[in-house]
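What follows draws every value from the coordinates through simple rules; no lab data is involved. Predicted, not measured: the structure shown is a model, and the values here were computed from it. All Cβ positions, even for glycine, are placed from backbone atoms using ideal geometry, and neighbour counts span all protein chains on display.
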Amino acid sequence: MALFGKLFEKKVCDICGEEIGLLGNRKLEDGNCCKACAAKLSPWFDERRHSTVESIREQIEYREENLRQLESFHTTRTISSDRFSILLDEDQQKFVVMKNRTKLLEYNPDILDFSQVTGARLDVDSSRHEIMREVKRGDQTERVSYNPPRYEYSYDFHYIINVNHPYFDDIRFDLNNSNVEITPAYGGGMIRGTAPQPFDPSMNPEYQEYERIGKEITDVLMGARSEARAAKAEEQNPSIVTCPFCGAQTAVTSSGKCEYCGGYVGPELRG
């Protein structure tokens, strides 16, 4: 009875101070969190049970600031799949990943700098199921293998973006809503008893489309990451040249301008 009573004991959220309803508690390492506060955390964060009350408070503060910054996020390019879209603000060198059919400020996707990307790749899960044929044996119908065996194939397309971020290490999402099912065109001409040729799914148009989306994401993010990191490196170690306009010894800005007069310093001067 004591255990039963403890189960229904009223709890208070250590984040907001509100009473937690029945079955609404979200355990923390050193306290309790209500559903409303847990919903404010990053959608890519999965370490809640191992987080302290203080770290959750800090993350909620970060998420509130993230929401404010989204007001100045201007999408210049979108890469969409069935379930998720990547929105890029190329002018500010930032991007977000969010579910389709959701509003930016309601979903509050984490804003990331291109330079925070450490890796990006498409991961394809595949499986196969043997196709059987029915054979009459007397009054019975049996399911038996073809000779050689025949298969139908199923594919799922997952995308992983590895990032340098204080609250999560990667962003994982599916490109497809449902499995891509492919049944090869088994026809005549196969010699009985010989092994079938390896199946190549890349000839399937639906498979090709998800591969194309994955490649586009990788090319964009990894290309933007390289450019952003090169720009940061240049800012930290600027070239010192003589400005042809004002004659000052200037550290060239990332936009190629003199830090004193703003005149453009061409690449021939920067070496």
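Would you kindly give the portion of the calculated P(r) for the chain that falls above 27 Å, as a percent of all Cα pairs? Tail fraction, whole percent: 62.
In units of the compact-protein estimate 2.2 N^0.38 Å, region 50-141 shows a Cα radius of gyration of 1.87. Multiplying the residue separation of Asp156 and Lys27 by 0.36 nm and removing their Cα-Cα distance gives an extension gain of 43.2 nm. Its Cα centre serving as origin, the chain has a Cβ charge dipole (Lys and Arg +1, Asp and Glu -1) of approximately 640 debye. Model label points for Asn179 and Glu90, set 7 angstrom from Cα along the Cα-to-Cβ axis, are 3.9 nm apart. Enter the Cα centre distance for the pair region 39-102 and region 7-37, rounded to the nearest angstrom. Region 39-102 and region 7-37 have Cα centres spaced 24 Å from each other. Extension gain for Asn147-Phe199 works out to 17.1 nm (0.36 nm per residue, less the C-alpha to C-alpha distance).
Ignoring the sites themselves, the chain has its longest run without trypsin sites (Lys or Arg not before Pro) in a DSSP loop having at most 12 other Cβ atoms within 10 Å at 11-100. Given 25 °C and 0.890 mPa s, compute D for region 104-234 with the Stokes-Einstein relation, Rh being the Kirkwood radius over Cα pairs; round to the nearest whole µm²/s. Using the Kirkwood radius from Cα pairs, D works out to 132 µm²/s. Spin-label pair Asp139-Cys16: with each label point 7 Å from Cα along the Cα-Cβ axis, the two points sit 6.8 nm from one another. With R₀ set to 25 Å, the beta-carbon distance separating Glu9 from Thr52 gives a calculated FRET efficiency near 0.70.
Spacing of the modelled spin labels on Glu65 and Ser126, each 7 Å from Cα toward Cβ, amounts to 4.6 nm.
At a Förster distance of 25 Å, what's the computed FRET efficiency of Ala251 paired with Thr76, Cβ-Cβ distance as r, to 0.05? The formula returns an efficiency of 0.30 here.
With contributions of -39500 (n - 2.57) from each DSSP H run of at least four residues, the per-residue ellipticity at 222 nm computed over the chain stands at -7500 deg cm²/dmol. Under conditions of 37 °C and 0.692 mPa s, region 2-72 yields 252 µm² s⁻¹ as its translational diffusion coefficient, taking Rh as the Kirkwood radius over Cα pairs in the Stokes-Einstein equation. Taking every lysine pair in the chain that is 8 or more places apart or spans two chains, those with Cα atoms closer than 27 Å amount to 24.
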